[in-house]
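Below is one structure, written out as structure tokens; comments come after it.
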Amino acid sequence: MQTRHIPNLISGLRIILVAPLAWLIVDYRYEAALLVFSVAAASDAADGFLARRFDWRSRLGGMLDPVADKLLLIACFVSLGWVGVLPAWLVGLVILRDVIIVSGGLCYHWLIASYDAAPTLLSKLNTFTQLLLVLVVMVNQGLWMVPQSLVSLLVLATAATTVLSGVGYVVIWGRRALAGHPQSNARP
């Protein structure tokens, strides 16, 4: 293996962490889940740093990294919703946004043209609020009590950024599709 493939290997290992993380959550082992979640978050930072610092970027890495992040977040939301820690409506909203974005991206790719994807600022904010909510909820369940007002605020912030970023992608890609512009830099 060449050193330039290390970021891809790290992203692949993060994908492997998804199943144990989901299992730990549904088994109510929040301390262990928090540890796995922390390792996954650190691996995300590490692969991104290595790819940028040493210019070890690749097309495969450009796909693996966001897929690993998305699988990790979806697994956390579904698992935390399953055990009743997150509201089902929020879990459904997060999944619906991702289904709409991925479906729209695939349709754009098949019907109009391929594209290079990059996240919007609003999408990055949404990812941050989702990660923060998952972290706070797991800390609340496993380590110490967090004020319920903070959890409620994060649920609302996550819902708002989920809707706004989803609508943002529909508007951006809808306009480009209607205008016939095949290239873009927007990724879910």
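Checking Leu125, Leu96, Leu60 one by one, the residue that is touching a His at 6+ places or on another chain (Cβ under 9 Å), of a type in the set (A, V, I, L, M, F, W, C) and under 24 Å from Tyr169 (Cα atoms) is Leu60 and no other. Only one entry in Ala51, Ala40 is crowded, with 20+ Cβ neighbours inside 10 Å and under 13 Å from the mean Cα position of the chain (by Cα), namely Ala40.
Considering only residues in segment 113-127 that are assigned to a helix (DSSP H, G or I) and touching a helix residue (DSSP H, G or I) at 6+ places or on another chain (Cβ under 8 Å), the one that is nearest to Val39 (Cα to Cα) turns out to be Thr127.
Any read-out appearing in this document is the output of simple, stated calculations on the displayed coordinates, not a laboratory observation. Keep in mind the model is a prediction, meaning the values are calculated, not measured. Neighbour counts are summed over all protein chains in view; Cβ atoms, including those assigned to glycine, are modelled from backbone coordinates with ideal geometry.
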